[in-house]
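Nothing in this text is a laboratory measurement; each read-out follows from the coordinates by a stated rule. Computed from a predicted structure; not experimentally measured. Here the Cβ positions follow ideal geometry from the backbone for every residue, glycine too, while neighbour counts run over all protein chains shown.
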Amino acid sequence: MERAKEVLELIHSDVCGPLVKWLGVDTPTSSPLPMIILVLEAMKSEIDSMSENLVWDLVDHPEGIVPIENKWVFKIKIDVDGKVETYKARLVAKGYRQRQRVDYEETFSPIAMLKSIRIMLAIGAHYNYEVWQMYVKTAFLNGYTEEDIFHELTQGF
């Protein structure tokens with residue numbers, strides 16, 4: 001087993017060891033819940049979002065197909081005062097284990113070009129519009145693919 005690089009990675013690598021000391025420690029959030037509870041809530045929220053957006057169907061994978069493994073990526077969002085705002089958990093596929101033209105044909109990520117953003121900001125400034133920045137929590141769950149992708153079942157869920 002490889003060593004965890006971040007505190008939150010300990011959740012899936014050493015539950016009985018170092019993580020125990022964080023269970024009763026107050027976190028810098030205003031919540032009285034221990035950090036582990038907040039992280040588990042973030043994980044549940046991610047799974048719930050995927051279920052609500054119909055990201056997957058539970059099926060047995062065909063013989064000869066190796067399902068893509070997954071892992072949890074944890075981030076702590078800090079506000080401007082340096083306090084913990086939220087704990088974020090993302091379930092991601094280990095896509096780096098796939099081979100182009102064997103496991104997939106093409107990749108695409110819908111990201112705005114910088115010049116498009118600059119044009120929108122220039123228009124907003126010219127007409128004195130109010131410009132807002134927004135965060136779309138489940139933006140990448142709304143994409144579609146023509147290929148069948150087989151993914152491992154997430155442990156604990």
Residue exposure sequence - Lys44, Lys115 - by fewest surrounding Cβ within 10 Å: Lys115, Lys44
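Please arrange Ile76, Ile37, Ile111 by counting, for each residue, the other beta carbons lying within 10 Å of its beta carbon, fewest first. Working shown, then result.
On the way: Ile76 19, Ile37 14, Ile111 7.
So the residues, fewest neighbours to most, are Ile111, Ile37, Ile76.
Taking the Cβ of each residue in Asp60, Asp48 as the centre, tally the other Cβ atoms inside 10 Å and list the residues starting with the fewest.
Numbers: Asp60 7, Asp48 11.
Taking fewest neighbouring Cβ atoms as first place, the list is Asp60, Asp48.
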